[in-house]
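Trainee: Sharing a structure here in structure tokens format.
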Amino acid sequence: MLKEGTQTVLVLDFGAQYSRLIARRVRECKVYSEIIPYDTPVDQIRAQNPQGLILSGGPASVYIDDAPVCDPGIFEMGIPILGICYGLQHMAQVLGGKIANTEISEYGQTNLEVGSKSALFKDLPHSQEVWMSHCDSVTTVPEGFRSVAATKNSPVAAMEDLKRRLFGVQFHPEVAHTPSGTDILKNFLYDACGCLPTWTSVSMIEEAVDAIKAQVGDEQIICGLSGGVDSAVAALLVHKAVGDQLTCVFVDHGLLRKDEGAQVEKTFRKHFQIKLIHVKAQERFLTKLSGVTDPEAKRKIIGEEFIRVFEEVAAKMEDVKMLVQGTLYPDVIESGTRDAAKIKTHHNVGGIPLDMQFELIEPLRLLFKDEVRAVGEELGLLDEIVWRQPFPGPGLAVRIIGEVTAERLDLLREADGIVSEEIKRAGLYRSIWQSFAVLPADLKSVGVMGDKRTYSSTIAIRAVSSEDAMTADWVRLPHEVLARISSRIMNEVPGVNRVIYDISSKPPSTIEWE
Ligand code: XMP
């Protein structure tokens, strides 16, 4: 998908929680970056013709027996390398320096003093704050290197070998707590590696379109739409490449947000004139969900039913051999390394059965979410879809705690619509990761309305901030916004007499209630 000659800087991932962030920062500096495993053989690295390499941090100590090591041949490639934290220590060790466990771990923001004449710190303050997180330190730099910056506890907080263009920093330039971090990366990328700031996700559109044309040829192709930004942008890119060879399939399971189905129709069929099969399957899903209260059972039923519907549609379309998926780069990086305990069974439009024998087209597999949004904007996708907050595949079913019924869905949809409207009105929608309503359906409480006793439902409001949904914090919404949401829901949604605000972070809670 990348144009030949695209300047690339590869990040060798030693397992740091920040590796992904390094690649994102490099891309923000308008240089294309990909993450590869730390032990990728040097021949494979050379084949990608990178302008430079970044060795990420990692949880290991260089001392332990099975400490991760890279192919030492990378240091002979003659291209610039920047080691960060573990990456610096590993580089120092391989090239003959000394590392010691200093007994003093440095964690958090620390003051860094920069010596004179350093390429990494060119035009940057001599004294600056940086973010540290380490126990080991380089005590003697390898031959050819100079220490160019120090902190109170790290005499070698940064080192450089200008002749070989090898660099290392003990701190994390990729995190926001290192204010000059991006400038340090720019010095490495532009000056040391000689990269030009020319890459943007939007600049990939033409290449992606050409690659899709080449892959699809004359074949017919289908794409499952969810109403979210990823599948929408994937579909638009493919449509731009092969036009009417694409048919989009939108399975409306009746668990969508207010007006979502109508918006997909309007956007794809009317605005972009893309062939669209809109399967209205609400009855089917409701029947299967009847009497089910267990969260995992709900998720499995919806996932399976979704697949059945999709299979039936695909079976009726002759000669379809290819399927578009809106897989993003974080999924690509994580797949294979994900061995965390299962918390929830996830289902999404990408969860099409493997035995369907489709060839996959994944035009977004190298992009991060914000880059996909930029591509969506460039392709003329409505703001409402480009900036839509994430929504789980099983939809409102995992926001109704208890059995899912048509009445409860209607009630929740109305309440959720009010939450969205008010959050948008307050100008907060884009900055909040997710904001929505939850119906704990079996929770009834006593209220009073017009001098009469009521015994009705409660709506919980959830609003969280997050970078990647792995962790999240509840948003300190302004009281006026909460007040408006509360009074509107109780006035406008029949059957609700109480509104509560969820003040749980993740962990220990999760974002969705089920
Ligand atoms: P939790 O509730 O696990 O959710 O903290 C993390 C993020 O994932 C979304 N989510 C899903 N997305 N299919 C999806 O595509 C699913 O089955 C699913 N379940 C949760 C959730 O909205 C949040 O953004």
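Trainee: So for the stretch 201-386, Kirkwood radius off the Cα pairs, Stokes-Einstein at 25 °C and 0.890 mPa s: how many µm² s⁻¹? Working shown, then result.
Mentor: Details: Rh = 17.2 Å.
Taking Rh from Cα pairs, D becomes 143 µm²/s.
Trainee: Something else about it: Using Cα-Cα distances under 8 Å and only pairs 6 or more residues apart, what relative contact order does the stretch 8-192 have, in percent?
Mentor: Values: 427 pairs, mean separation 38.2, N = 185.
Relative contact order for the stretch 8-192 comes out at 21 percent.
Trainee: Right, another one. Would you please state which residues of the stretch 476-514 a label at LEU428 would reach in this model, taking the label point 7 Å out along Cα→Cβ and a backbone N cut-off of under 15 Å?
Mentor: 476-489, 500-504
Trainee: Same structure, new question: Just read off the accessible area of ASP66 with the full protein assembly in place, 1.4 Å probe, to the nearest 10 Å².
Mentor: 120
Trainee: If you don't mind, another one. Kirkwood hydrodynamic radius, computed over distinct alpha-carbon pairs, for the chain: how many Å, to one decimal? List each step's numbers first, then the result.
Mentor: Numbers: mean 1/r = 0.0392 Å⁻¹.
Roughly 25.5 Å, rounded to one decimal.
Trainee: Each residue of the stretch 250-262 in order: what ³J(HN,Hα) in whole Hz does its phi give by Karplus 6.51 cos²θ - 1.76 cosθ + 1.60, θ = phi - 60°, with x for Gly and Pro?
Mentor: Running phi through 6.51 cos²θ - 1.76 cosθ + 1.60 with θ = phi - 60° gives 10, 8, 8, 8, x, 10, 8, 6, 4, 6, 5, x, 4 Hz.
Trainee: Assuming a ≥ b ≥ c are the square roots of the Cα gyration tensor eigenvalues, decide whether the stretch 8-192 counts as rounded (a/c under 1.5), prolate (otherwise, with a/b larger than b/c) or oblate. Walk me through the numbers before you get to the answer.
Mentor: Numbers: a/c = 1.38, a/b = 1.15, b/c = 1.20.
The shape class here is rounded.
Trainee: Under 8 Å for C-alpha pairs, at least 6 residues apart: give me the relative contact order for the chain, rounded to a whole percent. Kindly include the intermediate steps, with their values, before the conclusion.
Mentor: On the way: 1010 pairs, mean separation 52.8, N = 514.
Answer for the chain is 10 percent.
Trainee: If you don't mind, another one. Give the relative contact order (percent, whole number) for the stretch 404-501; include only Cα pairs under 8 Å separated by 6+ residues.
Mentor: Details: 149 pairs, mean separation 28.7, N = 98.
Relative contact order for the stretch 404-501 comes out at 29 percent.
Trainee: Taking only DSSP H segments of four or more residues, each worth -39500 (n - 2.57), what value at 222 nm results for the chain once the sum is divided by all its residues, to the nearest 500 deg cm²/dmol? Can you show the working numbers first?
Mentor: On the way: 14 runs with 146 residues, N = 514.
Using -39500 (n - 2.57) per qualifying helix, the result is -8500 deg cm²/dmol.
Trainee: Follow-up. Among the lysines in the stretch 144-241, how many pairs, 8 or more places apart or on different chains, have alpha carbons under 30 Å apart?
Mentor: 4
Trainee: What are the aspartates and glutamates whose alpha-carbon lies under 19 Å from the alpha-carbon of LYS30, with same-chain residues fewer than 8 places away excluded?
Mentor: GLU4, GLU174, ASP183, ASP191, GLU206, GLU207, ASP370, GLU371, GLU377, GLU378
Trainee: Something else now. With the full set of protein chains in place, find how many percent of the accessible area of the chain is carbon and sulfur; take the probe as 1.4 Å. Kindly include the intermediate steps, with their values, before the conclusion.
Mentor: Details: 11780 of 23330 Å².
About 51 percent, which is the carbon plus sulfur part of the accessible surface.
Trainee: I'd like the Karplus ³J(HN,Hα) series for the stretch 424-439: coefficients 6.51, -1.76, 1.60, θ = phi - 60°, whole numbers in Hz, and an x wherever there's a Gly or Pro.
Mentor: 5, 4, 7, x, 9, 4, 6, 7, 9, 5, 8, 9, 6, 10, 10, 10
Trainee: Any idea what the dipole of the chain comes to, in debye rounded to 20, about its Cα centre with Lys/Arg Cβ at +1 and Asp/Glu Cβ at -1? Kindly include the intermediate steps, with their values, before the conclusion.
Mentor: Working: 55 positive and 71 negative charges, 252 e Å.
Rounded to the nearest 20 debye, it is 1200 debye.
Trainee: Same structure again: Express in whole angstrom the spacing between the alpha-carbon centres of the stretch 236-253 and the stretch 149-181.
Mentor: 47
Trainee: Hey, what's the chain come to in accessible area per residue, 1.4 Å probe, Å²?
Mentor: Details: 23330 Å² over 514 residues.
With all protein chains present, the chain gives 45 Å² per residue.
Trainee: What's the angle, to the nearest 10 degrees (0 to 90), between helix 205-216's Cα axis and the longest principal axis of the chain?
Mentor: 70
The values are calculated or read from the model by the stated rules, or taken from the named source; none is laboratory data. Being a predicted model, the structure only gives us computed values, none of them experimental. All Cβ positions, even for glycine, are placed from backbone atoms using ideal geometry, and neighbour counts span all protein chains on display. What goes into the accessible areas is simple: the full protein's heavy atoms, side chains included, and nothing from ligands, DNA or RNA. Shrake-Rupley method; radii C 1.70, N 1.55, O 1.52, S 1.80 Å.
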